[in-house]
Every structure is written in structure tokens, then in C-alpha cells.
1. Relative to the present Cα-Cα distance, how much length would full extension add between Arg49 and Leu10 at 0.36 nm per residue of separation?
2. Sorted by packing (mean other beta-carbon atoms within 10 Å per residue), highest first, where do 81-89, 67-75 land?
3. Roughly speaking, what is the stretch gain from Phe80 to Glu97, that is 0.36 nm per residue apart minus the C-alpha to C-alpha distance, in nm to one decimal?
Amino acid sequence: MCMFLSMTILVMTITTVIAVLLRRRRIGKRMPRTPYTLAATMAYLYGARFLEGLVGLSRLGTKERNKQVLMAGRDKEFGFGWTVGADGKKRVGVDEEELEGDYKVRQLAPWKR
């Protein structure tokens, strides 16, 4: 009985480890940085042109700020790919839908070409 229970726990542990490793690899192939942390999310948004329309919202109240954010993104489409940010640098990120090109896995960064 004890051996059967030990083997069951061992098989479940190995199955879980394999599932976690496979899932991580699949997510990692889609994006250069997985957006699980605040820093990685901010890196995708850094230099985005649509952020210019959100300047000064910290001085507004909650309801007015939420209304302004909804109005700012109402008629815009956003995408993930190569873009030139407000700072003039080419990068991979999220921005308004005037992207320079789609992001492809293993594609060389423009500064390494």
C-alpha cells in the first residue's frame, strides 16, 4: 500500500513538472519577454505613442480619469510588433496600429542587422 501511494505521488509530480516546462517553452516562443512582471509589461509600453494622450491624468479624479482613458482609446487599434516609439527608437512593443512589421520569433533586432 505504501509503495503504491509513493509511486502515485512520484508519477503525479513528474507529470506536473513536464507540463510546467512545456507550457513555459510555448509561452516563451511567442514573446521576447513574458509579461508576468510589472517591469516586463512596462518594457512593452515604453516609448509608445498612445501614452502621450494620457499625460496629466494623475491630477484628475478617478471617475474623470477613467472617462478620459476610455475616450483616448475609443477609435484606436493596438498591436504587438516592431514599432518606432515617441522617442524615435525602433523596438518590439505594444502601440497604436501603425506598426513597422510583425514580430517573428528569432528575428534579429534592427540594431543587430
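We did not get these values from a lab; they are worked out from the coordinates using the rules stated. Keep in mind the model is a prediction, meaning the values are calculated, not measured. Quick reminder, even Gly has a Cβ in these numbers, built from the backbone with ideal geometry, and neighbours come from all protein chains shown.
1. Gain in length upon complete extension: 8.9 nm.
2. Averaged packing, sorted descending, gives the order 81-89, 67-75.
3. Between Phe80 and Glu97, full extension yields an extra 5.3 nm.
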